[in-house]
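Peer 1: Attaching a single structure in structure tokens format; questions to follow.
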Amino acid sequence: ANRDKVLTCVKKELNLDGDDWRSKAKGLFLVALNQGSIPNYVANLGCVYEEHKGKMSLNIAEGFKKQVKNIFKKYFLPANQTFFNEVLIKKQKEWDAMRSFIARILQHKECEVVEGVIRELIKTKQIKKGRFDYAFDGFLAVEDIDTKVLDDITKKLGWDLTWTKKEPDEGISLWCEIAD
């Protein structure tokens, strides 16, 4: 609910600048989500962890990390022990298996969201002739689709998410040829 406020807080507290500040701030939470080392991440940003320890942004990241671990152990693991054991055999360490398991769950949820939105856009003919490509946490389409439309579809499907547009940085020439 407060994503932008929290990311801006990380920016201010860790003195992030440049065009990639948002990506760096989001990286902090990806590290926390994947149970990585927050002190190491902060150090890689050029900051001294001990100088920032106790600040709101790092408290939120540390709390998020604990929450993810608790949710995993209390809810996901007991309900999916067999699947987790299969992942554990491949990864060999419980820590790596946990991170892999979390990634698979999130990828599945992300796929549900994107596919649900794409199905609705095709159904309402806002994407024509099935011309779209999956792109990480979204999709590429020739049509210029208003993000408000995507937000509304997503809410209708039961998720409270906000979409943003990003320019493709690879393969754009292919899309231009198709659109012409």
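Peer 1: Select, from E115, E94, the only residue that is charged (D, E, K, R) and touching a Leu at 6+ places or on another chain (Cβ under 7 Å).
Peer 2: So the residue among E115, E94 that is charged (D, E, K, R) and touching a Leu at 6+ places or on another chain (Cβ under 7 Å) is E94.
Peer 1: Only one of K109, K73, K53, K91 is of a type outside the set (S, T, Y) and under 30 Å from K156 (Cα atoms). Can you tell me which?
Peer 2: K109
Peer 1: When you check R104 against the structure, is it closer than 30 Å to N80 by Cβ and either polar (S, T, N, Q) or open to solvent by 80 Å² or more (accessible area, probe 1.4 Å) (or both), yes or no?
Peer 2: Answer is yes for this residue.
Peer 1: Against the condition at pLDDT below 85, charged (D, E, K, R), over 30 Å from Q35 (Cα atoms) and surrounded by fewer than 13 Cβ atoms within 10 Å (Cβ to Cβ), how does K93 come out, does it pass?
Peer 2: Answer is no for this residue.
Peer 1: Moving on to the next point. In the range 127-149, which residues are open to solvent by 60 Å² or more (accessible area, probe 1.4 Å) and in a loop (DSSP other than H, G, I, E, B)?
Peer 2: K128, K129, R131, F136, D137, D144, D146 - these are the residues of the range 127-149 that are open to solvent by 60 Å² or more (accessible area, probe 1.4 Å) and in a loop (DSSP other than H, G, I, E, B).
Peer 1: Tally the residues that are open to solvent by 70 Å² or more (accessible area, probe 1.4 Å) and part of a helix (DSSP H, G or I), restricting the search to the range 30-63.
Peer 2: 7
Peer 1: Restrict the check to the range 72-86 and report whether at least one residue is in a loop (DSSP other than H, G, I, E, B) and surrounded by 12 or more Cβ atoms within 10 Å (Cβ to Cβ).
Peer 2: Yes - at least one qualifying residue is present in the range 72-86.
The values are calculated or read from the model by the stated rules, or taken from the named source; none is laboratory data. Fair warning: this is a prediction, and the values are worked out from it, not measured in the lab. Note: ideal-geometry Cβ built from the backbone for every residue, glycine included; neighbour counts use all protein chains shown. To get the accessible areas, we keep the full protein, side chains included, count just its heavy atoms, and leave off ligands, DNA and RNA. Shrake-Rupley method; radii C 1.70, N 1.55, O 1.52, S 1.80 Å.
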